[in-house]
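Here the structure comes first, spelled out in structure tokens, and everything after it is commentary.
Just so you know, all these numbers are worked out from the coordinates, no wet-lab data involved. Computed from a predicted structure; not experimentally measured. Note: ideal-geometry Cβ built from the backbone for every residue, glycine included; neighbour counts use all protein chains shown.
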């Protein structure tokens, strides 16, 4: 085969029933080994009142449903996500397990977290599209009374 794709002549069992055989040089690892999840350290401080008193250029993301999750903007930031960005998810309420891809400088209020890619083998934007169905499925498992 020519171009970007290469034919593999040697395969091995992946150890995963539904996956079957994989090229012998591939590794099967847990996704969790390649990511970290983190909540904002100042989440309790970042209330509407605080934001109103410290207005600035940096968004504060929350689990709210309006304004694409932006509560407001303040004069400081907690995270600088660089070119790759991070995955953002709400953790409770009507938007629990909603996934977004954020870039830039921002802070997090309560009830949300970021998932940071710590591996050079994954592209964060690809992971955003790949994880959306999984998060949607998991959200469907949350009892309706807990999503209010």
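Consider the stretch 131-148. How many of its residues are in a loop (DSSP other than H, G, I, E, B) and closer than 19 Å to residue 32 by Cβ? Give the steps one after another, and end with the answer.
Narrowing the stretch 131-148 to residues in a loop (DSSP other than H, G, I, E, B): 141-143, 147-148.
From what's left, closer than 19 Å to residue 32 by Cβ: 141.
The total comes to 1.
Considering only residues that are part of a helix (DSSP H, G or I) and surrounded by fewer than 18 Cβ atoms within 10 Å (Cβ to Cβ), look in the stretch 41-64 and name the one that is nearest to the chain's Cα centre (by Cα).
48
Restricting attention to the stretch 16-40, report how many residues are part of a loop (DSSP other than H, G, I, E, B) and under 27 Å from residue 116 (Cα atoms). I'd like the intermediate steps shown before the answer.
Just the residues of the stretch 16-40 that are part of a loop (DSSP other than H, G, I, E, B), to begin with: 16-20, 24-30, 39-40.
From what's left, under 27 Å from residue 116 (Cα atoms): 16, 19, 25-30, 39-40.
Within the stretch 16-40, residues that are part of a loop (DSSP other than H, G, I, E, B) and under 27 Å from residue 116 (Cα atoms) number 10.
Need a quick list: strands (runs of 3 or more DSSP E) entirely within the stretch 85-130 having at least 2 residues that are surrounded by 16 or more Cβ atoms within 10 Å (Cβ to Cβ) and out of contact with any helix residue (DSSP H, G or I) (no Cβ under 8 Å at 6 or more places or on another chain).
105-108, 112-117
If residue 67 satisfies all but one of (1) free of Cβ contacts under 8 Å to residues at least 12 places away in the same chain; (2) over 14 Å from the mean Cα position of the chain (by Cα); (3) within 18 Å of residue 34 (Cβ to Cβ), what's the number of the condition it fails?
Condition (3) is where residue 67 drops out.
Which residues, taken from the stretch 72-84, are in contact with a helix residue (DSSP H, G or I) (Cβ under 6 Å, 6 or more places away or on another chain) and crowded, with 16+ Cβ neighbours inside 10 Å?
Applying the first criterion (in contact with a helix residue (DSSP H, G or I) (Cβ under 6 Å, 6 or more places away or on another chain)) to the stretch 72-84 yields 72, 74, 84.
Residues satisfying the conditions are 72, 74.
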